[in-house]
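Just so you know, all these numbers are worked out from the coordinates, no wet-lab data involved. Predicted model, so just to flag it, every value in this text is computed and none were measured. Methodologically, a virtual Cβ is constructed for each residue, glycine included, from the backbone with ideal geometry; neighbour enumeration extends over all protein chains shown.
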Amino acid sequence: MLLSKLIRLLDDYKTHNFEDTEITGISYNSLQTKNGDIFICIRGEAQDGHKYAENAYKNGAKAIFAEEILDINLPQIIVKDTKRTMANLAAAFYDEPSKEINLIGVTGTNGKTTVTHLIQKILEENNEKCALIGTLGYKLSSKDDYKEAKHTTPQPPELQKDLRLMANSGIKNVVMEVSSHSLEQKRVGCCDFDGAVFTNLTQDHLDYHITMKNYFKAKAILFENLKKGAFAVINADDEYAQDFIKSVPEGVKILTYGVKNDADIKAVDIDFSVDGAKLTVEFNSIKEKMNLHLNGMFSVYNALAAFSSGLAMNIDYKTIIKALENTKSVAGRFEIVSKKPLVIVDYAHTPDGLENVLKAARELTPKDANLICLFGCGGDRDTTKRPKMGKIADELSDKVVVTSDNPRSEDPQLIISDIMAGIKTVDTKRIFVEPDRRSAIKFLKSISKENDVIVIAGKGHEDYQILKNETIHFDDREEAKKVFASV
């Protein structure tokens, strides 16, 4: 595509040293810039891309998009906001693929991954192709393997490239996890969403958003930009439900779901066992039973979110129920890796997430058995949630093992100290500390009985651990299976 054609799509810009040239790609990382790319200077949390424009030039960049004129002998397009511009350019370069597909965005603190998988299953049960983009990567169908992703929601060039691939593959539906960071950073600014789903809003990412109000505003962007004829699915039991409803424009179909409050789709008569959750779903004066393989109240909410999305897309409710009942657990989400004792690996890494998974695990714990929780907190992230998670683990578990998660640049022992500040009384018979996560998982063997329930929380599907100077292979599921008999 010619540079002149690309910049005609921008609203407000100035040029410097302009000369038309053929553009073959979009880059925002100078190390990955290739010959023929445009290089977009992004001001990030840690780095300023303007400082790396010279490197991009040496690697073959044909033009620079920046927020200020740079001392480089290349065509430069000066804009006010390069993040917004990158989204516009990427959509234009790949010929706006989101307009060719039914694009559904799922946002919330917890549940995004499971809900996207459930919606994908529902659409496939309805004989429709559906691709998925999210925390685990992207894949063109539920039967495919994941392609690795760097972010829950990719940066615009990768995202638009993936959407174009999907559209060209004849895929008419894409369901995508939409993080608050991606909304705040305008990564999905030029995506044409046909539906949006809100799961819940609880404390997370306050290191970035600072306040819950800012966190909400970021999430609400997804709903504020829905077009007429789209749908919005909202958790009626969440304290921010009415705020999200108010953010939805006129002409957008709203469906609410819940367990406690009045809602369009409601779950009643809920019962849990080691095999999953049984419930009755009520909607449109209809009552239907569902037997889920998924477990815990949070899974009921996730199923309701997906169920509501299916109804919003006019899929027959019997097809929706069949898809949900046939769905096994999502990788690293309440995933059972041993039955004696019952060992559950879960991605819960927020106060609300940990509380939900422990309450679900308590439902499965025999009266004469212990519920044991192993967890840590990530480094270089919101420090205020650490003592809260310590308090939750202490109050909801019989025994607690505090360990490392992804410490990143922080001292693991200092992170653990923050967690321990939330534990009321450090009883050495029930509260244990082992900074090495592998050793901590091995230690579980010595403090558990066959009928106990163990929750290993925080990393879920992750097969790595981020340390100060390196990232190593580490998978909670693998480590637990070495210690306990696998399922």
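Rounded to the nearest 500, the helix-only mean residue ellipticity at 222 nm of the chain stands at -9000 deg cm²/dmol, with each DSSP H run of n ≥ 4 adding -39,500 (n - 2.57). Please tell me the relative contact order of segment 309-448 in percent, rounded to the nearest whole number, where contacts are Cα pairs under 8 Å and at least six residues apart. So the answer I get is 19 percent. Panel values: segment 335-483, Kirkwood radius from alpha carbon pairs, Stokes-Einstein at 4 °C and 1.567 mPa s, translational diffusion coefficient 87 µm²/s. Relative contact order of the chain, taken over Cα pairs closer than 8 Å and 6 or more residues apart, is 10 percent. The calculated FRET efficiency for Thr471 paired with Thr384, based on their beta-carbon distance and R0 = 25 Å, is about 0.45. Going from the fewest other Cβ atoms within 10 Å to the most, the residues Ile101, Ile392 appear in the order Ile101, Ile392. Taking 7 Å steps out from each Cα toward its Cβ at Ile447 and Asp463 produces label points 2.9 nm apart.
If R0 equals 56 Å, the separation of the Cβ atoms of Ile245 and Asn73 corresponds to a calculated FRET efficiency of about 0.60. Taking other Cβ atoms within 10 Å as a rough exposure proxy, Met212, Met176 sort from fewest to most as Met212, Met176.
In whole angstrom, note down how far apart the Cα centers of segment 394-461 and segment 339-354 are. Taking the Cα centre of each part, segment 394-461 and segment 339-354 sit 12 Å apart.
In this label model, His50 and Asp20 are separated by 3.0 nm, measuring between points 7 Å along each Cα→Cβ vector. Protection proxy ranking for 228-241, 294-307, 453-466, using the average of other Cβ atoms within 10 Å per residue and placing the highest first: 294-307, 453-466, 228-241.
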